[in-house]
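See structure below.
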Amino acid sequence: MSTATAPIKTTPSPREITTEPRFSDKVFRAVVTAGGLSSLVILAAIAFFLVYNGFEVFRSEGLNFLTGFDWIDALPEEGLAASYGLGAMLYGTLVIGLLAVIFGVPIAVGTALFLSYYAPEWLKKPMVLIIDVMAAIPSVVFGLWGYFILMPHAEYWAKLIHKYLGFIPIFDMPANAFSRSPFIAGLVLAIMIIPIVTSISREVFAQTPLDRIQAAYALGATRWAMIKAVVFPYGSGGVIGGAMLGLGRALGETVAVYTVLNLVYDIRIEVLLSAGGSVASMIVNKFGEADAVELQALMAAGFVLFLVTLAVNFIANIIINRTARKG
Amino acid sequence: MTQLLQAPTPATPSKPWKAKPKNLLPEIFGALFTAVSTFVIVGFTPLKGKLGFSVVLILMAIITTSLISGIKRDRKAAWNSTTTVLVYVAAAFVLIPLISLLYEIIRKGIGGFSFGIFTRDMSLSASDSPLSEGGLLHAVIGTFYTVILATIISTPIGILTSLYIVEVKGKFAGLVRFFVQAMSGIPSIVAGLFIYAVWMINLGNSYNALAGAGALAILMIPTVARTSEEVLKLIPTDLREAGLALGATQWRTVAMIVIPAARSGLVTSIILGIARVAGETAPLLLTIGGADATNLNPFSGNNSALPYYVWKNYGLGNETSIQRAWLGVFVLMIVVFIFFSLARYFGRTKDKKAK
């Protein structure tokens, strides 16, 4: 700076401008992309390894694996071939999942409505906390509680239902066995899916446009008329999606169902009878003493369960995302 | 000044919309009628017990409130009252199982609770020996190992996934987001089966805590990824742009600005993930093998875990083992609640910053 004598003869060449990211950024993006794609890889690996290990059973059983009712190990000395059919368990899983939705969703939606439009301000926070606490309780705890505490009550309710509604085929009782029925499993599952259905319904209800709500009130609507005219049309998709997410959880629930459900390889329409099915519980039930072939069948069963729950979750998420975007 | 101070005080605000005692009369009368009629019906008809009482109470509440608002206004108001009662009943129904659960856990679990149980394992005690013998040290250590290892595996993957979706916004961001959402619904038993297939069958290893941790990690990744994603989205874009405008590379912007700003939220996401998997039972049944003795090596040999301990003692089915199962539930719930409270504590500081 001190010398102004020597004029600059050459202008410095301009800095090279490029959109090419620096080396550090390239590494960063590569690492993050690898991490981000690893969940896809894990999902693909789950599907691959379950199919790979269960392939023999898929091949030998064919479609019978989905429709057959028997789950019999091979008895070579008696010349009996193994037969693995998941039909009864799939049906049972569907029954308890639907029961859980029937019991749980009305209560969950009611609770979400209560939290959004009825509850006094001071009650909202503790109530949300309670729902969160419920979501954090492990399934084995629900199982123990369901077996020791809920079951005696639920058996009594089942007897009442049978006594007064027994003429309806699904409430009929061929034997006097009310414990460990799909009805009780459905009750336990309903309690377990209430938190997720409630929180998703609440999220969707919160996106209802406020001006519509106030317009409804200004027109003199009662609270229920407002909910029917504004909240439900906006949030119905989210509620359905939430119910499906709950169904997905119920279909895959293992330990809690195992403790309160009697697994029977038969399709019965009587929901109060002590005979039901659940793919997930069956896997745990058979896993302990399974030989190599049966293990393959269990892997195949796991793959079916994986596909079913993934499909239910996909559809549910699509519905929820669409509703959320609309709001 | 003194005159100003003594100026006439403003009239006390009246609230003409506020319910006067006279207006409350029908409501009080209605509540009284509901209670009295319920007792009368339960007393003089075959309906008995708590079930009969609550059913009658709900029905009478619906009838009375609907009648009152129907007389005062119209049918729409009556229908509104009916649904209001139903919504309140639904909210109350949520509380009943939870209160019953917590009450029973404490009632049945606290009996055998002592500090001794954290110093002994079941290697020297039979399942039906009294509660003063044996303990759940092995289960606590097993849970500690599986959860810590699962956290170590899943945290980088989960946070990288959220960074990929929010920061890098790569080609597959939408796809990854969608699949991670769906992944959170994978049944836990499937995660266990997968680890069993890969780790035991195809790689030929045997049961250990690391395998259990692998299964738990699969269940933990979606929770961590989704919560971190929400947290990163809350960081203002201004911060990122400021970093880039100062000439920082994206790597330095994320590492020096975004992640420190989101730190407490990211911690919350990890803790939420831990709370999600600490009580998982099904995948552990297939992967850790179970043990009665304390195993300090997470990389070899069978291990136990708190949910496994509960499961096993429930399965044994004798009187003391059932008590042990409840004791295990009690300890497990304490562990879950500690993480749950931690998550809420960190989550709360995040809320304050956002405001």
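Derivation of every value follows stated rules applied to the coordinates shown; laboratory data play no part. All values reported here derive from a predicted model rather than from experimental measurement. Backbone-built Cβ (ideal geometry, glycine too); neighbour counts: all protein chains shown.
Please report the relative contact order for chain A, taking Cα pairs under 8 Å with a sequence separation of at least 6, and give it as a percent rounded to a whole number.
Working: 435 pairs, mean separation 82.5, N = 327.
Once normalised by length, the contact order is 25 percent.
Provide the per-residue ³J(HN,Hα) series for the stretch B:225-233, in order, calculated from phi with Karplus coefficients 6.51, -1.76, 1.60 and θ = phi - 60°, each as a whole number of Hz, with x at glycine and proline positions.
Per-residue couplings from phi come out as 5, 6, 5, 4, 4, 4, 5, 5, 5 Hz.
Quote the charge dipole size of the stretch B:19-79 about the Cα centre in Debye, to the nearest 20; the model charges only the Cβ of Lys and Arg (+1) and of Asp and Glu (-1).
Working: 8 positive and 2 negative charges, 33 e Å.
The dipole magnitude comes to about 160 debye.
Pairs A:Lys228/B:Lys22; B:Lys171/B:Lys233; A:Lys228/B:Lys233; B:Lys50/B:Lys108; B:Lys22/B:Lys76: which exceed 26 Å Cα-Cα?
Details: A:Lys228/B:Lys22 32 Å; B:Lys171/B:Lys233 18 Å; A:Lys228/B:Lys233 33 Å; B:Lys50/B:Lys108 23 Å; B:Lys22/B:Lys76 23 Å.
As for pairs spanning more than 26 Å Cα to Cα, those are A:Lys228/B:Lys22; A:Lys228/B:Lys233.
Counting GluC sites (Glu not before Pro) as exposed when in a DSSP loop with at most 16 other beta carbons within 10 Å, what is the longest stretch of chain A free of them? Intermediate values should be presented prior to the final figure.
On the way: sites that count: A:Glu16, A:Glu289.
The segment A:17-288 is the longest one with no such site.
Over the stretch B:198-300, what is the relative contact order in whole percent, taking alpha-carbon pairs under 8 Å and six or more residues apart?
Working: 74 pairs, mean separation 51.9, N = 103.
For the stretch B:198-300, the relative contact order is 50 percent.
Using +1 at the Cβ of each Lys and Arg and -1 at the Cβ of each Asp and Glu in the stretch A:222-286, identify which of A:Leu261, A:Ala225, A:Gly277 lies farthest towards the dipole's positive end.
A:Ala225
Between B:Ser114 and A:Thr10, take the C-beta separation as r, use R0 = 60 Å, and let me know the FRET efficiency to the nearest 0.05. Show your work: numbers first, answer last.
On the way: r = 86 Å, r/R0 = 1.43.
So, using R0 = 60 Å, E works out to roughly 0.10.
Starting at the first residue of the stretch B:138-147, write each ³J(HN,Hα) from the Karplus equation 6.51 cos²θ - 1.76 cosθ + 1.60 with θ = phi - 60°, in whole Hz, x for Gly and Pro.
4, 5, 5, 5, x, 4, 4, 4, 4, 5
I need the Kirkwood Rh of the protein assembly as shown: take the reciprocal of the average 1/r across all distinct C-alpha pairs and report it in angstrom. Could the numbers behind the result be given before it?
Details: mean 1/r = 0.0354 Å⁻¹.
One over the average 1/r among Cα pairs gives 28.3 Å for the protein assembly as shown.
Tabulate in residue order the Karplus-calculated ³J(HN,Hα) for the stretch A:176-182, using 6.51 cos²θ - 1.76 cosθ + 1.60 with θ = phi - 60°, rounded to whole Hz; enter x for Gly and Pro.
Once θ is set to phi - 60°, the couplings for the stretch A:176-182 become 8, 9, 9, 7, 6, 9, x Hz.
Within the stretch B:270-309, which chymotrypsin sites (Phe, Trp or Tyr not before Pro) sit in a loop by DSSP and count at most 12 neighbouring Cβ atoms inside 10 Å?
Working: sites: B:Phe299, B:Tyr308, B:Tyr309; in loops: B:Phe299.
Within the stretch B:270-309, the qualifying chymotrypsin sites (Phe, Trp or Tyr not before Pro) (loop, at most 12 other Cβ atoms within 10 Å) are B:Phe299.
Roughly how many nanometres apart are two label points built 7 Å out from the Cα toward the Cβ at B:Phe178 and B:Ala35?
Calculated label separation equals 5.7 nm.
Taking 41 Å as R0, compute the FRET efficiency from the Cβ-Cβ separation of A:Lys124 and B:Ser123 and round it to 0.05. Mind showing how you got there, number by number?
Working: r = 49 Å, r/R0 = 1.20.
After rounding, the FRET efficiency stands at 0.25.
Could you work out, residue by residue across A:308-320, how many beta carbons of other chains sit within 10 Å of that residue's beta carbon, and then give the average as an integer? Provide the component values of the computation, followed by the final result.
Values: counts 1, 5, 7, 1, 2, 8, 5, 1, 3, 7, 3, 0, 1.
Across A:308-320, the average partner-chain Cβ count within 10 Å equals 3.
Put a dot 7 Å past each Cα toward the Cβ at B:Glu241 and A:Leu80; how far apart are the dots in nm?
With each label placed 7 Å out from Cα toward Cβ, I get 7.4 nm.
Jot down the per residue volume, in cubic angstrom and as a whole number, of the convex hull over the alpha-carbon atoms of chain A.
Dividing the Cα hull volume of chain A by its residues yields 286 Å³.
Work out the P(r) tail for chain B: percent of alpha carbon pairs separated by more than 28 Å, whole number. Walk me through the intermediate numbers first.
Values: 39877 of 62835 pairs.
The share of Cα pairs beyond 28 Å in chain B comes to 63 percent.
Just want the answer: with Cβ charges of +1 for Lys and Arg and -1 for Asp and Glu, which residue in B:Leu25, B:Ser114, B:Leu59 is farthest toward the dipole's positive end in the stretch B:3-121?
The listed residue farthest towards the positive side: B:Leu25.
Under 8 Å for C-alpha pairs, at least 6 residues apart: give me the relative contact order for the stretch A:137-270, rounded to a whole percent. Walk me through the intermediate numbers first.
Working: 110 pairs, mean separation 58.7, N = 134.
Once divided by the residue count of the stretch A:137-270, the mean separation gives 44 percent.
Amide H to amide H, which residues 5 or more places from A:Trp71 or on other chains are under 5 Å from it, using H placed in the peptide plane?
A:Gly85
In whole Å, what is the distance between the alpha-carbon centres of the stretch A:31-101 and the stretch B:276-323?
25
For chain A, what is the mean residue ellipticity at 222 nm derived from helices alone (per DSSP H run of n ≥ 4: -39500 (n - 2.57); sum divided by total residues; nearest 500 deg cm²/dmol)? Can you show the working numbers first?
Numbers: 13 runs with 217 residues, N = 327.
Taking each H run of at least 4 residues, the total per residue is -22000 deg cm²/dmol.
Could you check which residue among A:Pro152, A:Pro209, A:Pro14 shows the biggest mean-square fluctuation in a GNM of chain A with a 10 Å Cα cutoff?
A:Pro14
As an exercise, identify the trypsin sites (Lys or Arg not before Pro) in the stretch B:64-115 lying in DSSP coil whose Cβ has no more than 15 other Cβ atoms within 10 Å.
Values: sites: B:Lys72, B:Arg73, B:Arg75, B:Lys76, B:Arg107, B:Lys108; in loops: B:Arg73.
Listed in order of number, the matching sites are B:Arg73.
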